Amino acid sequence: MEELIPIKKGDLFSLKKITNSIKQVYKTGLFSDIQVLKEGEQEVKLIFLLTRKLFSRRIIITGEQKISRKKLREGLYSLFEGSFFTDEKLNKAVEELKEALIKEGYFFPKIEAYSKKDPGSSSVDVFFNIHPTKKFFIKEIAFSGERILQDDELKKEMKSKEGKVYVPSVLDEDILKLKNIYSSMGYQRAEIDVEKINFDEKEEKVSLFIKIFPHEKIEIEVKGAEVPLSLLKPIWEERIFEEWGLAEGKAKILGYMRKKGYIYSSVLSFIEKDNNKMRVVYNVTPGKKYTIQDISFNGLNYFTPSELKKELETTGRASVSSLMNGERLFELPEDIEYIYKTRGFPDAQVNFQFMTPGNRVKALFFIEEGNQDSIERISFEGAYLFRFQTLLEQISSFEGGPFFQLNIQKDIDKLENFYLNQGVRGTEITARVEKISDHVFSVVFVLREGNKVKIGNIVITGNVASKRKTILREIRIKEGDYAFYDRISESKRRLERLGIFTKVEIEEIPISSERENLVVSVREGERNYASLGVGLETESEPQTFAIWNNLLRLRGTGEYIRSNIFGSGAQLSLVGQFSLKEKRGVFSWEQPYFFGIPLQTYLNVWLEQDERKSFTYDRQGVSLTAIKPIAENILFLTTLRYARTTLIDLLIEESEVDRRHQPFSATSVSGSFLWDRRDDPFNPKKGTFFSFVLEWAYPLFKAESDYLKTFLKYQHFIPIFPGVTVSATSRLGLGGGSKPIPIHERFFGGGSNSFRGEKFDEMGPKDQISLKPIGGEALMLLNIEMTFPLLSAIKNLSGALFYDTGNVFGEVKQFSLDSLQDAVGFGIRYKTPLGPVRLELGWNLSKPREERKAIFIITIGNVF
């Protein structure tokens, strides 16, 4: 901490310097109390007494109560794992826990709270011991007010029952449920509240009194068209101005109808009141249903039609095409006017009309651009640190370009960011706009430049297991450098990307007008992770939707991860998998650097046994992989691999390379190039993905391998209109060598992720005797799909139509487009965070009609 204190040995004694030192240390946010003791008169010795802030490492709740510990933790706001710890916060947390317990029916709770400090760090473990509490049973539930429903009917809908334990959170749920019931009956504004609660501590019973005010009954009626009432009901749940409610309902109905293609629909609305009833009526005249055929523009000078459409697709909410819906069509004028304003046309006006030949509509937009405001001159007042041209390059506005006030504010933000990135602090920037003539302006950026600031000391705190050098190697700035803000931000991102810290903060602490210290505060996360997974599998692929008719067996996965090994950011993991068809054990070592070079590196050692259609193999291997990001979304991977494979069950005729019980060793080097521009790797809707892999297996270390393989994949996802996506996945694999490639290294096709007209691995050449697949040295596949919504009420559910074509060829010279097989099918999908759950049926059209049996597929994830 001496690095943060500006007082040095030999300085003159100064109370001002001591005060400034205390302020500097306080700014780090790491200490709750700082005292300075003075010893001596002529030769002064200063002793800084620092009380370090503590943070909560673990929250441990004990006691006999059956309430979920998760619920109790959710009720803690003052203290939680990772938060700063104080005795005051501990007392508040006790009160919060008491409230949480009462909410779950545990009354008059007594809680013993204490903390234990970890001697090796600034963390504490917090313990809450809950002593036995009191419970109350419901003696009576009474209702008052104009309740409409009978008391027995109301009680029947409630979870809180007479004779049962009283739980306030359950009663809250009951009140909400009753409100929903009244709302479904038309009483959207019903007020239902607990009026009084009487506790009888002696008998441990409670009486609940609930008051009901249904208010007026609201009936919403839509005539002339089918419009979901759920669209309108939320409008009338609160007390509103009735005119606003009618207008809001009209707007929602028009949007809904236009979306369905009724672009000429109109709505008349009114309210009828009778005693305690209010009837809201919307009369809809839908008109004729149209499909949008074309969109055109009239009056364009500044933009070409294609340029304006491109701008609209960037600014708007959907594609501008003939497939857009009518609701979006009515939004375009406002979007077009805004685009013109950003280009300096403040008075642009847009109107449109429809031409309706038959059942199709052509939308014609009439644009009056008006005069363009332009910038004649840009100047920088008070700029001394950087040249005029350098500053001009930082902003979007330019001389002769359009003038728009919002763009000027964006330019100020860009200039401020530029100064920060150049190590300048304290710069203030404003803009003065001067009108030269009609529609011509000059812009003067007025700057009060700050000072260029250098980094004094870099202080690292909060690391317990992590080595200082592990943190320093991620920091992109050094002591003595200018305080480049972009490098400081990049340092924070790199530390977070290590995955070993739950919190990273980098604070700039000024020590003078031209120097500052950097305080890097980290909080380390858990270092040990363990997981178990259990699933079911069938010994063979299911042939019908009645999966239960197939023999089901258990499969399991176990994983252990130890992170931040030796404080270096490295990670060790052990994974075990066991099932009917495969057994696998993998040891992995992952580290962010390779001999000081910033390469994400993986060392894997594995043992596996896998059962395929034509063979079962045992394999032991080791591989070393390095990953290097080349640019955004672009990766390059290099892998060195040695594997020893033994075919323990060969169901095809033996050959020179495919020998039962005789090991085949392979040493290979491979390079992979990946370019991923998808919007989501698990559930993509748009974008592209390209990968290229080249593997060379050569006879090193007495290995028998001698072949070359390459594999290319390209995916393209195109949203053609809302909810509907067309995608294509193409794959090409080629291989060869001085002798045939062993069966376990060949290309195979068929199954849920390749060709859905064949079972897993069964596409391509077959063994003449056993008729089992033998794979090939060439593979070509093309999968085309269209996904679309099925039910608006279930937004994650979609339907799919697909067409697959491709084949596997025994040798590269046998490759022929005429030999490709075709398959079609359909399915349903449900989107999950890990990709869609897919249920599909596919038919191979290349087989004779009598042999075309449906292939049933159930899997998770997209075709890859």
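Being among the charged types (D, E, K, R) and in contact with a strand residue (DSSP E or B) (Cβ under 7 Å, 6 or more places away or on another chain) holds for only one residue in E140, E201, E157, and it is E140.
Any idea which residue in region 156-191 is farthest from I138 (Cα to Cα), counting only those that are among the polar types (S, T, N, Q) and in a loop (DSSP other than H, G, I, E, B)? Break it down into steps so the answer makes sense when it comes.
Taking region 156-191 first, the residues among the polar types (S, T, N, Q) are 160, 169, 180, 183-184, 188.
Those left that are additionally in a loop (DSSP other than H, G, I, E, B): 160, 188.
Values: S160: 8, Q188: 29 Å.
Looking at the filtered set, the residue picked out is Q188.
Listed by position, the strands (runs of 3 or more DSSP E) enclosed by region 781-853 that each have at least 3 residues that are without any contact (Cβ under 8 Å) to a residue 40 or more places away in the chain and within 24 Å of the chain's Cα centre (by Cα) are 794-809. Taking the criterion of being outside any strand (DSSP E or B), within 17 Å of I436 (Cα to Cα) and either over 39 Å from the mean Cα position of the chain (by Cα) or of a type outside the set (S, T, N, Q) (or both), the residues of region 356-406 that qualify are N371, Q372, D373, F398, E399, G400, G401, F403, F404. Just one of (1) outside any strand (DSSP E or B); (2) buried (at least 19 other Cβ atoms within 10 Å of the Cβ) fails for N417. It is (2).
Can you find, within region 2-50, the residue that is modelled with the lowest pLDDT among those that are of a type in the set (A, V, I, L, M) and under 19 Å from S513 (Cβ atoms)? Here the residue is L4. Only one of the numbered conditions (1) within 41 Å of the chain's Cα centre (by Cα); (2) surrounded by fewer than 16 Cβ atoms within 10 Å (Cβ to Cβ) is not met by T28, and that is (2). Close contacts from region 425-452, counting a first residue that is on the phi > 0 side of the Ramachandran plot and a second that is surrounded by 15 or more Cβ atoms within 10 Å (Cβ to Cβ), with Cβ to Cβ under 7 Å and a gap of 6+ residues or different chains, come to G426/G450; G426/N451; H439/Q372; H439/D373; H439/S374.
A Cβ distance below 6 Å, combined with a sequence gap of six or more or placement on separate chains, defines the contacts here; from region 749-762, residues that are touching a residue at least 60 places away in the same chain (Cβ under 8 Å) reach no residue that is buried (at least 24 other Cβ atoms within 10 Å of the Cβ) and of a type in the set (S, T, Y).
Of a type in the set (S, T, N, Q), touching a Ser or Thr at 6+ places or on another chain (Cβ under 7 Å) and farther than 23 Å from Y714 by Cβ - does that describe any residue in region 640-648? No, that holds for no residue.
Quick check on my filter: what residues within region 76-102 are within 26 Å of the chain's Cα centre (by Cα) and either more than 21 Å from D33 (Cα to Cα) or free of Cβ contacts under 8 Å to residues at least 24 places away in the same chain (or both)? Selection gives Y77, F80, E81.
Among the residues of region 506-534, which ones are among the small types (G, A, S) and either assigned to a strand (DSSP E or B) or touching a Leu at 6+ places or on another chain (Cβ under 7 Å) (or both)? S521, A530, S531, G533, listed by residue number. Number of residues in region 770-809 that are modelled with pLDDT under 90 and not charged (D, E, K, R): the value is 4.
Across region 572-590, which residue is farthest from L624 (Cα to Cα) among those that are of a type in the set (S, T, N, Q) and modelled with pLDDT of 95 or more? Before the answer, list the steps.
The initial filter retains those residues of region 572-590 that are of a type in the set (S, T, N, Q), namely 573, 577, 579, 588.
Next, only the ones that are modelled with pLDDT of 95 or more stay: 573, 588.
Values: S573: 15, S588: 10 Å.
The extreme case among them is S573.
V433 falls short of the stated requirement of being aliphatic (A, V, I, L, M) and in contact with a Gly (Cβ under 6 Å, 6 or more places away or on another chain). Restricting region 132-167 to residues that are closer than 18 Å to I67 by Cβ and surrounded by 18 or more Cβ atoms within 10 Å (Cβ to Cβ), the residue that is nearest to the chain's Cα centre (by Cα) is V167. For K759, the conditions (1) within 27 Å of E653 (Cα to Cα); (2) basic (K, R); (3) part of a strand (DSSP E or B) are fulfilled apart from (3). The set of residues from region 767-790 being in contact with a strand residue (DSSP E or B) (Cβ under 9 Å, 6 or more places away or on another chain) and over 23 Å from V824 (Cα atoms) comprises D767, K772, I774, G776, E777. For region 842-854, state whether one or more residues are crowded, with 16+ Cβ neighbours inside 10 Å, more than 20 Å from R731 (Cβ to Cβ) and among the basic types (K, R). There is no residue in region 842-854 that is crowded, with 16+ Cβ neighbours inside 10 Å, more than 20 Å from R731 (Cβ to Cβ) and among the basic types (K, R). Of the residues making up region 626-657, those that are part of a loop (DSSP other than H, G, I, E, B) and either closer than 25 Å to K739 by Cα or in contact with a Pro (Cβ under 6 Å, 6 or more places away or on another chain) (or both) are L651, I652, E653, E654, S655, E656, V657. For F404, the criteria (1) buried (at least 19 other Cβ atoms within 10 Å of the Cβ); (2) out of contact with any helix residue (DSSP H, G or I) (no Cβ under 7 Å at 6 or more places or on another chain) hold in every case but one, which is (2). Among the residues of region 679-714, those identified as without any contact (Cβ under 8 Å) to a residue 60 or more places away in the chain and buried (at least 19 other Cβ atoms within 10 Å of the Cβ) are F689, E695, A697, S705, Y707, K709. Evaluation of K66 against the conditions (1) basic (K, R); (2) in contact with a Ser or Thr (Cβ under 9 Å, 6 or more places away or on another chain); (3) without any contact (Cβ under 8 Å) to a residue 24 or more places away in the chain shows that the sole unmet condition is (2).
In region 350-384, what count of residues is obtained for those that are aliphatic (A, V, I, L, M) and either surrounded by fewer than 17 Cβ atoms within 10 Å (Cβ to Cβ) or free of Cβ contacts under 8 Å to residues at least 60 places away in the same chain (or both)? The number of residues fulfilling the criteria is 3.
The values are calculated or read from the model by the stated rules, or taken from the named source; none is laboratory data. Computed from a predicted structure; not experimentally measured. Glycine gets a Cβ as well: all are built from the backbone with ideal geometry, and neighbour counts include every protein chain shown.
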